[in-house]
Amino acid sequence: MKNGLIVSISGPSGVGKGTVIDKLREMFPELGRSISVTSRPPRGQEQDGVEYYFRSKEEFEKLIEEGEIIEYDQYVGNYYGTPLTPLLTMSRGGQSVLLDLTVAGSVALQEKFDETVTIFLLPPSLDELRGRLSGRGTESAELVEKRMAEAKGEIAQAAKFDYVVTNYEVEQAAAEIAAIMQAENCRYERCSDAVDTLLAQ
Ligand code: 5GP
């Protein structure tokens, strides 16, 4: 059986990653979900073990020491990391997994597993990104400009990714990512067993 793909999507805050990922999950309900561990407190209705595993900084650091976290990063002062065992169980069991990680997280996974496919989600323009960040209405003008500077720093790292998709519109961006996953599944390395089986007949 082929290992499932490990598809990691990154992009600046406000690019619409969450919406595109929700759309992909609706299109492919069989896609696996990696529940990250974070040291940030739960927001709203978030529950431990559903959106995240919520742990203290000390507990998080212990998980790193124990080798239970395959990649981790800090974002707005908190740790976020991917638990190793569930990810491996899903991929080795043939289930493709979709992850939403920081740029460093995607790059780290790419170095660790051959099955990783990294996708960078771009906004159509910086003006549009600024509009989306201000449109949330929750951020001050100063914070929006801080996010914009961070976004440029992230966009500058797009060259480290396998693919770049521009989020003009959610359905189109999700369709492009679906096409990437299909093409990746047809790579020769992933299909060589089928070729060998035919040749052995
Ligand atoms: P939020 O606090 O809004 O839920 O997530 C903040 C950011 O953390 C998201 O943009 C997401 O990409 C990133 N993130 C969530 N889980 C992980 C993880 O396990 N590893 C890494 N590297 N980033 C993560």
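The values are calculated or read from the model by the stated rules, or taken from the named source; none is laboratory data. From a predicted model like this one, the values you see are computed outputs, not experimental measurements. Here the Cβ positions follow ideal geometry from the backbone for every residue, glycine too, while neighbour counts run over all protein chains shown. For accessibility, only protein heavy atoms count, side chains too; no ligands or nucleic acids. Shrake-Rupley method; radii C 1.70, N 1.55, O 1.52, S 1.80 Å.
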Worksheet item: Leu133 fails exactly one of the following numbered conditions: (1) near the ligand (Cβ under 9 Å from one of its atoms); (2) touching a helix residue (DSSP H, G or I) at 6+ places or on another chain (Cβ under 8 Å); (3) of a type outside the set (Lys, Arg); (4) open to solvent by less than 30 Å² (accessible area, probe 1.4 Å). What is the number of that condition?
Response: (1)
Worksheet, complete the sentence: Exception for Leu99 within (1) surrounded by 15 or more Cβ atoms within 10 Å (Cβ to Cβ); (2) at pLDDT 95 or above; (3) touching a Lys or Arg at 6+ places or on another chain (Cβ under 8 Å) falls at (3)
Discussion item. Conditions first: (1) more than 9 Å from the ligand (Cβ to nearest atom); (2) within 22 Å of Thr118 (Cβ to Cβ). Glu65 passes all but one, so which condition is the exception?
Written reply: (2)
Worksheet item: Within segment 174-193, can you find the residues that are open to solvent by 60 Å² or more (accessible area, probe 1.4 Å) and either touching a strand residue (DSSP E or B) at 6+ places or on another chain (Cβ under 7 Å) or in a helix (DSSP H, G or I) (or both)?
Response: Glu176, Gln182, Tyr188, Glu189, Asp193
Worksheet item: When the residues of segment 22-62 are filtered to those that are within 14 Å of the ligand (Cβ to nearest atom) and aliphatic (A, V, I, L, M), which remaining residue is least open to solvent (accessible area, probe 1.4 Å)?
Response: Val37
Discussion item. If I ask for residues that are open to solvent by less than 10 Å² (accessible area, probe 1.4 Å) and within 14 Å of the ligand (Cβ to nearest atom), which ones from segment 104-122 would you list?
Written reply: Gly105, Ser106, Leu109, Thr118, Ile119, Phe120, Leu121
Worksheet item: Which of the residues belonging to segment 125-172 are closer than 24 Å to Arg25 by Cβ and in a loop (DSSP other than H, G, I, E, B)?
Response: Arg136, Phe161, Asp162, Asn167, Tyr168, Glu169
